[in-house]
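All remarks here apply to the structure that follows.
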Number of protein chains: 2
Amino acid sequence: MTTSNEVLDVLREISHPEIKRNLVELGMIKDVAIENDGAKVILALPYKGIPIGDRLKREVREAIKGIDPNLKVNLVVVEMSQKERAVFMSEADGGPKTAQLQNKIGNVIAVLSGKGGVGKSSVASLLAVALSRQKKRVGVLDADITGPSIPKMFGLTKPPMMSESGILPVETKMGIKIMSINLLLPGEDEAVIWRGPRISGAIKQFWQDVHWGELDYLIVDLPPGTSDASLTVMQSIPLGGIVLVTSPQDLAGMVVRKAAGMARHLGAPILGMVENMSHVTCPKCGMRILVFGPSRSAATAQQLFVPLLGQLPLDPLLAEKCDAGEIETYQTDEFLPIAEAIVNRIAKPATAGTSEQ
Amino acid sequence: MTTSNEVLDVLREISHPEIKRNLVELGMIKDVAIENDGAKVILALPYKGIPIGDRLKREVREAIKGIDPNLKVNLVVVEMSQKERAVFMSEADGGPKTAQLQNKIGNVIAVLSGKGGVGKSSVASLLAVALSRQKKRVGVLDADITGPSIPKMFGLTKPPMMSESGILPVETKMGIKIMSINLLLPGEDEAVIWRGPRISGAIKQFWQDVHWGELDYLIVDLPPGTSDASLTVMQSIPLGGIVLVTSPQDLAGMVVRKAAGMARHLGAPILGMVENMSHVTCPKCGMRILVFGPSRSAATAQQLFVPLLGQLPLDPLLAEKCDAGEIETYQTDEFLPIAEAIVNRIAKPATAGTSEQ
């Protein structure tokens, strides 16, 4: 009787023709089981329908038939989840780096919008502050390489130190660990005029070569757009989930819907949507002014089948706190339930993968 | 006595070693003059100090000495202006395309911010509308490939037509010619998940393969960031000038200063800066609320040595008009002097180029 270990052993001899490492090492064999009528193997492909899939399926069948030609092979092909794919990509890229191996990061939450100026960085920072106040160990990876806002909001200016195990993130007053390109530039106004590959390289370095240590949550602040930076984050970093940020305008909603489409396409689970800049309260007469017109974000959330986690007002005090580098002293009761909802939703395992006999 | 035509003829025999076309064709010989003591040649390099410069200088000297070994050669090296460089790049890239050859575009104005969500697209559209109301022929090239807002603001949904001479831009009610990736997508919410080279390719196509016809002004709406899209526009399209858009926050100002640094680095003349979202007027009590805190843009403009062309309020009506696709019916007296200042400043020739004996 053939055992599942024997099957695993022959599968270890199948090398991915491009990556030159075996399927088991690459995490492509999700499960092997011996059932009544034969061997059941779950093969995970990074994307459905990739050209190499047929070749790998054939090789898996042939390898198992090599043990026992009479053994039935039940080959189930699934698509990797975003997390599995990020690990696969890292293995394909030579395996994790020194710093990465030492990091223990509970959950990565990416803050995405597609649209600029809706307050991704504010939401990312407020989330980090809210979690830190709850005694969680938190880091912020600023993936906006050409328009980084995070260090200024936290009042950070000194460059990160180097250690044997990698670049050490800079810590805020509260102890939030920050890595951003602006900490590495000679001046905060310095332009970073890079094409895509260098942008991607910097983001990968922030993930692989930064000694984050032990974190409960790493918040990734994404730049606007659905090009290199967002692609690299969604392909290289195993995400616990994505928080979408929008403003009341449908013009913003349209671009956010594009970004949500990208997240879906890459299998990254969306935790929910936050509407920012919902209204301004007149300090004199108390009127709620809908500065960006009536809100369309409930409709957008419904259209995307994601929960609207909350609505935040446009608060001049927040703008001033950000300019002064004092976001950690900004008190907001509105954000607490949003942070809780995000954390609660991350606990639920995301559904991913489609199967094929 | 040697003539300047003889000198030009020998310079036509010097081929750029990488581009394989001669220096005169490539626009690298800005002037040739016979003076008392010899031949004066002005050689324009795309960038100062490029490695090939020394080789070209030597070849120019040798070619002229070949006519008459006793002729003194006064070789002045200058750096190309942004406009000259864009033409050079186009020649290096095989020369202008069919559509491009038929287009007659008076001035190209790029609207840049670096920062997202400060209202680049609104400013670009309001500028187009203001110029169109003054009976100018205007086009808008939407260079924001991943977050295009222009078609929605003008209420355009139908795809562009093709003609023998290229892609025909879609016209608005007022007759403004628009080209945007969102006119080419099956739905406006569709994500464009492209890395840099494809983004650049699309922008180049919008410039080279679109039959703009005769325009007084082409407004280019740039995306946030200082990566591929902005780089491609500044390298490939000869710009009359750049309008910077910022918001009152210094956090926005910081990113705008990065973008200004990029424009300077690439030699693109900055016409001035517009502050958007300066304040909101309470519709009930008339209070001016500084929603993004007190304005820092005057300081930023001074720091960058560019004029602050005007300040625009945050107007809920504009947000609604944009969502409804009716920006052309939005009446704003505040924008008229800004549009006039932009046009007046473009008339002044920009200073560019440094010389070296």
For every other residue with a beta carbon closer than 12 angstrom to the beta carbon of A:Ala252, add +1 if it is Lys or Arg and -1 if Asp or Glu, then tell me the sum. +3
Assign unit charges at the C-beta atoms only (+1 for Lys and Arg, -1 for Asp and Glu), then state the dipole size of the protein assembly as shown relative to its Cα centre in Debye, rounded to the nearest 20. 460 debye
Just how far, in whole angstrom, is segment A:17-45 from segment B:251-329 if you go by their alpha carbon centroids? 56 Å
Partner shielding of B:181-192, as the mean number of partner chain Cβ atoms within 10 Å, equals 4
So how much slack lies between A:Ile67 and A:Met162, counting 0.36 nm per residue of separation and subtracting their Cα-Cα distance, in nm? 29.1 nm
With axes computed from alpha carbons, what is the tilt in degrees of helix B:250-265 against the longest principal axis of chain B, rounded to the nearest 10 within 0 to 90? 20 degrees
Helix B:196-208 against the longest principal axis of chain B: what's the angle in degrees, Cα atoms only, rounded to the nearest 10? 80 degrees
Copy-to-copy label separations for A:Ala347, where each label sits 7 Å from Cα toward Cβ, in nm and ascending: 6.9
Euclidean distance between Cα centres, segment A:77-93 to segment B:177-196, Å: 29 Å
Between the Cα axis of helix B:52-67 and the main Cα principal axis of chain B, the angle (0 to 90°, nearest 10) is 40 degrees
Expected output is a single nm value to one decimal: the length gained when fully extending between B:Lys135 and B:Ile50, i.e. 0.36 nm times separation in residues minus the C-alpha distance. What is it? 26.2 nm
Tell me, which longest segment in chain A has none of the chymotrypsin sites (Phe, Trp or Tyr not before Pro) that fall in DSSP loops with at most 16 further Cβ atoms within 10 Å? A:48-304
Of B:Gly293, B:Gly272, B:Gly225, the most mobile residue in a GNM of chain B (C-alpha springs, cutoff 10 Å) is B:Gly293
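By the scheme Lys and Arg +1, Asp and Glu -1, what is the net charge of all other residues having a beta-carbon under 9 Å from that of A:Tyr217? Please list the in-between numbers first.
Details: positive: A:Lys136, A:Arg137; negative: A:Asp216.
Neighbour charge sum, excluding A:Tyr217 itself: +1.
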For B:Phe335, what charge total do you get from the other residues with a beta carbon under 15 Å from its beta carbon, if Lys and Arg give +1 and Asp and Glu give -1? -2
Heads up, segment A:1-92 by the C-alpha gyration tensor (a ≥ b ≥ c square roots of eigenvalues; a/c under 1.5 rounded, else a/b over b/c prolate, else oblate) looks prolate
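Looking at chain B, which longest stretch skips every one of the GluC sites (Glu not before Pro) that is in a DSSP loop with at most 12 other Cβ atoms within 10 Å, leaving the sites themselves out? Kindly include the intermediate steps, with their values, before the conclusion.
On the way: sites that count: B:Glu13, B:Glu18, B:Glu164.
My reading of the result: B:165-357 is the longest stretch.
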Once the label point is set 7 Å along the Cα-to-beta-carbon vector, what list of distances in nm do you get between A:Pro51 and its counterparts in the other copies? 3.3
Take the alpha carbon gyration tensor of chain A, find the square roots of its eigenvalues, order them as a ≥ b ≥ c, and report rounded if a/c is under 1.5; if not, report prolate when a/b exceeds b/c, else oblate. prolate
Within segment B:4-79, how many Lys pairs sit with Cα atoms under 17 Å apart, leaving out pairs fewer than 8 places apart on the same chain? 10
Given the options A:Leu309, A:Leu185, A:Leu239, which has the most mean-square fluctuation in a GNM of chain A, springs set between C-alpha atoms less than 10 angstrom apart? A:Leu185
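Per DSSP H run of n ≥ 4, the term is -39500 (n - 2.57); total these for the protein assembly as shown, divide by its residue number, and report the mean residue ellipticity at 222 nm rounded to 500 deg cm²/dmol.
-10500 deg cm²/dmol
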Between copies, how far does the label point of B:Ala299 sit from its twins, in nm, shortest first, when each point is 7 Å from Cα along Cα→Cβ? 4.0
As an exercise, use a Förster radius of 51 Å and the Cβ-Cβ distance of A:Lys104 and A:Met1 to find the FRET efficiency, rounded to the nearest 0.05. 0.80
Once a ≥ b ≥ c are taken as the square roots of the eigenvalues of the Cα gyration tensor of the protein assembly as shown, is the result rounded (a/c under 1.5), prolate (a/b larger than b/c) or oblate (a/b not larger than b/c)? oblate
When Cβ neighbours within 10 Å are restricted to other protein chains, what is their mean count per residue of peptide B:281-290? 5
Which lysines, if any, have their Cα less than 22 Å from the Cα of A:Lys177, not counting same-chain residues under 8 positions apart? A:Lys97, A:Lys104, A:Lys120, A:Lys135, A:Lys136, A:Lys152, A:Lys158, A:Lys204, A:Lys321
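Every read-out reported here was derived from the displayed coordinates using simple, explicitly stated rules and does not represent laboratory data. All values reported here derive from a predicted model rather than from experimental measurement. Note: ideal-geometry Cβ built from the backbone for every residue, glycine included; neighbour counts use all protein chains shown.
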